[in-house]
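Written below as structure tokens is the structure these notes are about.
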Amino acid sequence: MSGRSVVVVGAGFAGLAAAEALAAGGAEVTVFEARDRVGGRVHSRRLENGAVVELGAEFVLPGYDVLQETAARLGLELFEKGTLYGDREPRDGPPVTREELVAAHAALREPGRGSLAEALERLVPSAGARAAVAARLAVSSGYELEDQDAAALADGAAGFGDFPSHGVAGGNDGIALALAERLGAAVRTSTAVSRLAWSADGVVVRAGSDEVAADACVIATPAPHALELAWDPALPGWKREALAAVRYGQAAKLFLPLASAPAPSQTLSVPLRFWTWTQHGVPVASSFAGSPSALELLAIDQGPERWADAVRRLRPDLEYADGPPLLSTWHDDPWARGAYSARALSSPLDDEALSRPVGPVAFAGEHTAGRWHALMEGALRSGLRAATEVEELLAARV
Ligand SMILES: Cc1cc2nc3c(=O)[nH]c(=O)nc-3n(C[C@H](O)[C@H](O)[C@H](O)COP(=O)(O)OP(=O)(O)OC[C@H]3O[C@@H](n4cnc5c(N)ncnc54)[C@H](O)[C@@H]3O)c2cc1C
């Protein structure tokens, strides 16, 4: 494939995975990224007390084979957090026993059709278990259960149980940074793509104020950003509809510094729809709130205070250190505008149409990743899939 040029739009996990695979196959790749950093919705930060926190994607969950292979190939290590992502202790809701919770999750393995809210009503007789599981699922998906397909229970983030969770040592964005390093000057940050002219022969993209021609292109932005590019000619109706139908869950995170690193733990606020966890060796109480109603209940648009108070009430056992809470939001981030795609009943994800190429343009991103949607693993898998599609397209032209 030597001598073939490919433009990749977006330097999140999806775009970088695609770009690296294409470059390894001999393509001349240029990656355009609107932000001044790579990683997209994966963004790690070191706090003053030395702890690394994840402002975006955090948990590496069972089945993340591509992420694990990618990290190993890049010389990055995974560490076990000790946090039981799938086994949060529900608090402040109606009373519930552990047996009732286990029975609820077992009953939901065969959820049938309809919404998640309906499946819970139908299959979980215990009011306490219903409330706890509803909170857990709304938090993880960031999306209200009344409009969420019961099929979302099969998604990775909904997993229940005491399986281990991992992170990348030094921060998850180490994967993006290492991929970008391999690509070198091919990655151009602070350069948004605004227009894309395409024909059977190739593309011309407007990146910043430049016009760049290439034989093929990978769009690896969130769905709204892909839709809003000036497409010439316009995208076919089936692709526009699929992109426009993607609904996003909403989520925010909050980090409170602690005096020392406590044992790993995980606690769910049932009424306020957030959970707080600690992990091995990290002096921080991390919290994640999911769903539009959670963001409203916690008054996130007014700052971190109300939520920080709620965390201290939920976890009075932790020894909080001085220092301001750190709030991370994504709904108001112009290059994300949401947390991750949701299985909305009223507007289903059309997995096939989302991932299908249009002429010389392949589409990547977590929302195109089918059963791996919403996750880092899905972003990486989608990038590799898009790279293969571009390679096949270019090979067929020779
Ligand atoms: C709060 C939060 C918590 C999460 N927790 C987890 C978790 O624990 N585990 C997990 O697996 N996943 C988690 N995720 C999901 C995970 O972050 C995403 O699925 C994944 O990072 C998406 O990668 P992507 O490459 O598809 O998109 P992105 O990371 O969004 O990358 C797309 C890139 O395109 C750029 N872009 C957009 N428009 C343009 C344009 N016109 N021109 C140039 N560039 C453009 C954007 O700036 C962005 O960098 C979480 C996400 C959030 C927000």
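Tell me the residue from L47, L76, L61 that is at pLDDT below 95, outside the structural domain of G378 (by TED's automatic domain parsing) and under 23 Å from S328 (Cβ atoms), please.
L47
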Can you find even one residue in segment 300-314 that is within 14 Å of the ligand (Cβ to nearest atom) and closer than 22 Å to A11 by Cα? no
Going through segment 117-152 in order, the residues found to be outside any helix (DSSP H, G or I) and within 16 Å of the ligand (Cβ to nearest atom) are G142, Y143
Does segment 43-54 contain at least one residue that is touching a helix residue (DSSP H, G or I) at 6+ places or on another chain (Cβ under 8 Å), of a type in the set (D, E) and more than 14 Å from N172 (Cα to Cα)?
no
Scanning segment 21-74 residue by residue, the ones that are over 30 Å from G323 (Cβ atoms) and basic (K, R) total 1
So, first residue under 15 Å from A252 (Cα atoms) in segment 49-63, second residue at pLDDT below 95, Cβ within less than 7 Å, six or more apart or across chains; the pairs are V53/L47
Here the qualifying pairs (Cβ atoms under 9 Å; residues six or more apart or on different chains; first in segment 355-382 and under 19 Å from G63 (Cβ atoms); second modelled with pLDDT under 95 and within 8 Å of the ligand (Cβ to nearest atom)) come out as R371/G156; W372/G156; A374/G156; A374/A157; L375/G156; L375/A157; E377/G156; G378/G156
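Y320: away from the ligand (no atom under 11 Å from the Cβ) and among the aromatic types (F, W, Y), yes or no? Outline the logic, then answer.
Numbers: away from the ligand (no atom under 11 Å from the Cβ): yes; among the aromatic types (F, W, Y): yes.
Taking the combined requirement at face value, the residue satisfies it.
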Does V60 satisfy the criteria of being touching a His at 6+ places or on another chain (Cβ under 7 Å) and either under 15 Å from A169 (Cα atoms) or away from the ligand (no atom under 13 Å from the Cβ) (or both)? yes
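Which residue out of L120, L153, L137 is out of contact with any Pro (no Cβ under 8 Å at 6 or more places or on another chain), buried (at least 19 other Cβ atoms within 10 Å of the Cβ), closer than 19 Å to L349 by Cα and without any contact (Cβ under 8 Å) to a residue 60 or more places away in the chain? Spell out the reasoning first.
Values: L120 fails: closer than 19 Å to L349 by Cα; L153 fails: out of contact with any Pro (no Cβ under 8 Å at 6 or more places or on another chain).
Only one candidate passes the filter, namely L137.
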In the set D155, D162, the lone residue that is away from the ligand (no atom under 16 Å from the Cβ) and either within 30 Å of A72 (Cβ to Cβ) or of a type in the set (F, W, Y) (or both) is D162
In segment 348-389, anything more than 16 Å from the ligand (Cβ to nearest atom) and touching a helix residue (DSSP H, G or I) at 6+ places or on another chain (Cβ under 8 Å) is listed as D350, A353, R356, P357, V358, P360, T388
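Given the options W275, W198, name the one that is surrounded by fewer than 22 Cβ atoms within 10 Å (Cβ to Cβ), touching a residue at least 60 places away in the same chain (Cβ under 8 Å) and among the aromatic types (F, W, Y). Give the steps one after another, and end with the answer.
Values: W275 fails: surrounded by fewer than 22 Cβ atoms within 10 Å (Cβ to Cβ).
Among W275, W198, only W198 is surrounded by fewer than 22 Cβ atoms within 10 Å (Cβ to Cβ), touching a residue at least 60 places away in the same chain (Cβ under 8 Å) and among the aromatic types (F, W, Y).
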Right, V361: crowded, with 24+ Cβ neighbours inside 10 Å, in contact with a strand residue (DSSP E or B) (Cβ under 9 Å, 6 or more places away or on another chain) and more than 30 Å from G26 (Cα to Cα) or not? no
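Residues that are within 12 Å of the ligand (Cβ to nearest atom) and either under 30 Å from R343 (Cα atoms) or surrounded by 22 or more Cβ atoms within 10 Å (Cβ to Cβ) (or both): does segment 232-247 have at least one?
yes
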Listed by range, strands (runs of 3 or more DSSP E) wholly within segment 167-286 having at least 2 residues that are of a type in the set (V, I, T) and closer than 30 Å to Q302 by Cα are 274-278
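The values are calculated or read from the model by the stated rules, or taken from the named source; none is laboratory data. Keep in mind that this is a model prediction, so the values were computed, not measured. Backbone-built Cβ (ideal geometry, glycine too); neighbour counts: all protein chains shown.
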